[in-house]
Structures are given as C-alpha cells and as structure tokens.
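Chemist: Have a look at the structure that comes next, please.
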Amino acid sequence: MKKFRRWNRGLLLGAALIVGIIIFQSVDQARFQQSVPAISSRIQNYMTNCVAALTNAKDKSEAQNAFLENVNQFWSNNTRSRNYYASSRSDFYSYLSGSAESEEYGLSAAIPLALNLNITGCRIQKNGPGACTALVTYEQDAWLDQYGTYLSPFYMDYAYDTQSDTGDDATPASVSSGEDAIRITSQQQVLLQLYEENGEWKIATASPQGSYSDSSIVKRTEVPV
C-alpha cells in the first residue's frame, strides 16, 4: 500500500510539472505575441534612422558617426547565435574604422551618398526565451560615388555594373569627378536574430537571405538631400 501511495504521489507530481510547463509556455507565448508590434516598430525605427544618418549628413565622417550611434542604440553585443554568414555589431566597426589594417585586409566600405528603404514584409517568430527571429524583406535604393563594398543597414553590400556582361566594378570617370552618381536599386531579404535586453529588443545578428539588384548612372543632382 505504501509503495502504491509513493507511486501515485510521483504520478501526481509529474502531472503537476507537465501542467506547470504548459501554463508557463502558454503565458510566455502570449507575452511574446504582445511584444510583436514593438519588435516590428524597433526594426522600422532602426531602418528609418539609417536613412536619416546616411542621407542628411554634411559629410561622410558625420554620416559614419551617426550610423554607428544608431547601431549602438539598436544592436546587441550578444553574438551567441552568430554563424559564418551573419553580421554583428562589431563588423560595422571593423569596416568603418578606416585603419590601415582594415584597408589591407579589404575591411573597408564606402558610405552611400543617400539611402532610401521600404519594408515590404516582416515575419517575426519566437526563438526561445527572450529571443526571436525576424525575416525582413525590403526595397533599397542606394546612391554611391564608387563601385565596390558599401554600407547598408544590416551588412556590407557590394555594387557593380549590372549592365556589364563581365560585372565591371571600375568606377566611371564621370562619377569620380562628381558629375554623376551610381544608383543601386535592389530587393533585399535578411534574417535577424533579436534578444530582449532590459525590456528592449535588440538585433544581435543579420544574415542575408537573398537579393536582386540593378545599377544605373544618374546625375549627381538627382541624389536625394
């Protein structure tokens, strides 16, 4: 009889534990669903600030500083989910440091003359306690003064002449002289890993999921200011 009671008590404790886990997961999921609009808004605000930093600056140094301030506000130092193809906050500093070492190893990026972004899709999913992913699809227009690696909101992008059969990336003389600019129109998709830190959701890593781009040469007077 005592053995039966101990066995019965074990079943009750096990059942209570299972019920507790189910309740916790339900509450956690409900809380996360309430956070989805705030997460979406954080991503939108980050991208809006990127446009402001890279379009309204007086010079490239000011644009770079404004961009990095934006990164510091919206990105996390947490890189536990990082993979080979993902960008992190530290990568922006590596590419924008302007040091001799970054130049030597190709870790340098041009600052766009102007940028325009339009989010066309954002699918947010829970990815563990205080964690989520966001698959963001957006349209991007970047105006540049050279071909090659350039700064974009989530990683370093690459511009080349899409009209050329060889994918030429030699900057035209008219662009180098300041008469013209390069316009890169693209459709981008990026997978973001975000973590909740002190009540705010921050981007930890960004992994490119695919893009399509087209380039054209436009007059410098057509660049947004």
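The values are calculated or read from the model by the stated rules, or taken from the named source; none is laboratory data. Predicted model, so just to flag it, every value in this text is computed and none were measured. As a convention, Cβ positions derive from the backbone with ideal geometry for all residues, glycine included, and neighbour counts pool all protein chains shown. For accessibility, only protein heavy atoms count, side chains too; no ligands or nucleic acids. Shrake-Rupley method; radii C 1.70, N 1.55, O 1.52, S 1.80 Å.
Chemist: Just to be sure I understand the model, the point goes 7 Å from the Cα along the line to the Cβ. What's the resulting residue 69 to residue 177 distance in nm?
Modeler: Computed distance between label sites residue 69 and residue 177 equals 3.7 nm.
Chemist: For segment 76-225, with all protein chains present and a 1.4 Å probe, just round the carbon and sulfur fraction of the accessible area to a whole percent.
Modeler: Working: 3260 of 7530 Å².
Carbon and sulfur atoms account for 43 percent of the accessible area of segment 76-225.
Chemist: Among 144, 185, 218, whose Cα sits farthest toward the positive end of the charge dipole of segment 119-225 (+1 at Cβ of Lys/Arg, -1 at Cβ of Asp/Glu, about the Cα centre)?
Modeler: 185
Chemist: May I ask you to list the GluC sites (Glu not before Pro) in segment 86-187 that are in a DSSP loop and have at most 12 other Cβ atoms within 10 Å of their Cβ?
Modeler: none
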